[in-house]
Amino acid sequence: MTTVEYLKRVYAGFLGMNIGIRLGAPVEPSQWTSERIERFYGDIRSYVKSFKNFAADDDANGPVFFLRALNDTPQSEELDCSSVAEAWLNYSREGVGMFWWGGYGVSTEHTAYLNLKAGIPAPKSGSIEINGKTLAEQIGGQIFIDTWGFLFPEDCKNAARYARIAASVSHDGEGLEGAAFIGAAIAKAFETEDVDAILDAALAQISPTSTYAAVVNAVRDFHAMNPKDWRLCLTYLQQNWGYDRYPGICHIIPNAGVCVMALLYGKKLSRGVEIATMAGWDTDCNAGNVGSILGVAGSLEAVEEHYRAPLNDMLVLSGISGYLNILDIPTYVRQLCALSLRTRGLAVPEGFDREEGTIDFDFSLPGSIHGFRVSNPNACALSNRGEGLEMRYDRMVRPQSCKLFYKPFYRRSDFDDERYMPVFSPTVYPGQTVSLAYRLEKFSGESVLISAYVRNTTTGEHVLFSNEVVYDEQVHELSFVIDPHHPKLQGAMIDEIGLHFEANSPAKNRDFGVLHLQYFRVSGKADYLIDVGKQTKEFASITPFSHNHGSWELVDKRWMEAMTLDHAEAMTGNYFAKDVSLHSTLVVHSGRSALLSLRVQGAQRGYYGGFHEGKLGIFKHTGDKMIALAAVEQLPTLETEYEIAFSVTGTTMHLEVSGFDPLDAADESLAYGMVGFALYERGRVGFGNLQIKEN
């Protein structure tokens, strides 16, 4: 299998996973049963619910964020479950998003997380010894595993091995068998569409005496005797392998039966995820796993447009980083495939990967649109037939218009619900350079007006950075810097960036044709202000921050105030920002901790400058420790407004706080990360506007 074919199959598998999740989520238990699903939706052949944008889901969070254990583990080291446990602790906001926080001893994932926090290491954190058999054998053992299968095409043994390592943080027993089975099934799907061959290969990676193997074989036997009617098989499962026989909220065994049934009776991606959804029980989990397997097996040809188009090539997550929560699917699968090649000791072809922290869309993957959308779908439509992104404009007349744009930032109003509470930091900022190329293919009309623009999310105003009348069909290349000092952008975030297209022909000669967008890139150093007075509280966080612990409020349109008993943190910015300078103000109302942060990589890692534990200094946070890199004894004076500047260049950090001598420190542990505010002790602190400049 060539690298290009591998990439296409991972793309199809990741799309399939998210198609299944989106299809199954609206009918997820406990209120929905298979009977109720059949009554209201009959034979499902399309999404049962439309969304403005599909909000975050635990079945997508886990596969993306827990896999980052590989990104964070040095290539010279072998992955172990402690690395995956670190990813659990680092990328989760405790109690919010990521997975179901159903309580200790109730939710398997919540239980494992609290075990890790309490110092119980993996794999004990998910073991039967600590948590009991019921909790350890719930469905989470297989639903966060898809990406580990994507890593090892045609290598069922390693796919199963890595899946077991990852799942052991939270699961044991049959939970680990399910992880190995799903990982191996995905790996085998890279070389065959034969469902029986896939099941044989997956069974070879689990214990033949396990209950998991028993339910797989039972469904296969039933299918052999009754190959036409999946509902007969469902009745068999309900009567012999149902929830009444397997305790807990959502046991893995009944759902394993549904996955195997959906594979055998569905055979192809669409029918497989439909059957998994109509079967009830854990609909989004099962349809997601089935979608991964059959998506890989059928490649992109199996991904039907009526399921693919609503995904819009983007995914919303709900981890601790607002930047990582906006995921462009084609870019992600490229990064995932590059990670796979490196993990397997293979060379990554030149130009194959994409630099993290930048936007580089070339629309080269078949059908990819990279999250672009149009504002006027009645007149314009998007497609990609292999020649880049195409916006068809259909007989428009002056002054009809349409925007072709990418969304680098999302707001509460962009969603229908608050599932898993996603929070966002923009992927595009003032100071950065935008480059793109487009051309017109005209069927009729004389000229059109095309302007490059960005939109201020606070006011809704559009700021133009080019404006041209286009007559010809030549390639037009644009490059511009988003002016950080533009009065219409100061202090606010950007939530649209793209081209404004306006018809310029009279009614007798309507504009009709195709706008081809050949590439779209955003790179360079950000330089922007977060004006507290222009922010709002959404998804229980203040834009554009992600909060981990503490109570955060906007006060007098001047302060972002935090109050906590032990720890409160607000993070924002590009997750991969390196050299950066920060400037802000702060006032300590109570307590002795008030910090600016940079190179923050989540809940476990970051650098901090300011007041902490009776000292003024520069500190490194690692795990559950705050280490002073340079500090002097100094308490903050309460109700005094301080100016504070904190910067890092290479391995050197510099801190200035008004009224005190500057401090410097050096450390090479963290090369990049987010920025923000924090308290690491009890207190109440107000933080002012934050100026961020990448150097």
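A short reminder: the numbers here are calculations on the coordinates, not readings from a lab. Bear in mind the structure is a predicted one, so any value in this text is a computation, not a measurement. Cβ sites come from the backbone with ideal geometry, for glycine too, and all protein chains shown count toward neighbours.
Side notes on the structure shown:
- Shown in residue order for the range 95-112 are the 3J(HN,Hα) couplings computed by the Karplus curve 6.51 cos²θ - 1.76 cosθ + 1.60 at θ = phi - 60°: x, 9, x, 6, 8, 7, 8, x, x, 5, x, 10, 8, 4, 5, 4, 4, 4 Hz (x for Gly and Pro).
- Sequence-distant contacts, meaning Cα pairs under 8 Å at least 6 residues apart, place the relative contact order of the chain at 13 percent.
- Computed FRET value (nearest 0.05) for residue 661 with residue 627, which takes r as the C-beta separation and R₀ as 22 Å: 0.55
- 222 nm mean residue ellipticity, helices alone, for the chain (DSSP H n ≥ 4; -39,500 (n - 2.57); rounded to 500): -8500 deg cm²/dmol
- Considering the range 102-174 at the alpha-carbon level, its Rg and Dmax are found to be 12.5, 39 Å.
- Full extension of the segment from residue 441 to residue 638, taken as 0.36 nm per residue of separation minus the current Cα-Cα distance, would add 64.4 nm.
- Based on C-alpha pairs under 8 angstrom that are at least 6 apart in sequence, the range 289-432 has a relative contact order of 24 percent.
- Computed label-point distance, nm, for sites residue 555 and residue 268 using a 7 Å Cα→Cβ extension: 6.2
- Once the Cα-Cα distance is subtracted from the 0.36 nm per residue extended length, the residue 695 to residue 221 segment shows a gain of 164.3 nm.
- Efficiency of FRET from Cβ geometry, residue 232 and residue 381, R₀ 41 Å, rounded to 0.05: 0.45
- Model label zone, residue 536; criterion: amide N under 12 Å from point 7 Å along Cα-to-beta-carbon; scope the range 399-424: 411-415
- Shape of the range 270-329, Cα gyration tensor, a/c cut at 1.5: oblate
- Centre separation in Å (Cα based) which lies between the range 456-495 and the range 344-370: 26
- Gyration tensor verdict on the range 619-668 (Cα atoms; rounded if a/c is under 1.5, prolate if a/b is larger than b/c, oblate otherwise): oblate
- Loop-resident GluC sites (Glu not before Pro) (DSSP state other than H, G, I, E or B) in the range 346-423 with no more than 12 further Cβ atoms inside 10 Å of their Cβ: 350, 355, 387.
- Per-peptide average of other Cβ atoms within 10 Å, ordering 669-681, 318-330, 449-461 highest first: 318-330, 669-681, 449-461
- For the range 521-676, the alpha-carbon coordinates run over 46, 36, 29 Å along the three principal axes, in decreasing order.
- √(5λ) per eigenvalue of the Cα gyration tensor, the range 3-316, largest first, Å: 27, 22, 20
- Set against the labelled values [x] 152; [y] 290; [z] 176, volume of the Cα convex hull per residue in Å³ computed from this structure falls on [x].
- Note that the range 334-482 shows a convex hull volume over its alpha carbon atoms of 166 Å³ per residue.
- The mean sequence distance of close C-alpha pairs (under 8 Å, at least 6 residues apart), as a share of the length of the range 515-669, puts its relative contact order at 16 percent.
- Residue 348-residue 5 pseudo-label distance in nm [points 7 Å out on the Cα-to-Cβ vector]: 2.4
- Cysteines having no other Cys beta carbon under 4.7 Å from their own, within the chain: 81, 156, 233, 250, 259, 285, 337
- Label point distance in nm, residue 669-residue 306, each placed 7 Å from Cα along Cα→Cβ: 5.4
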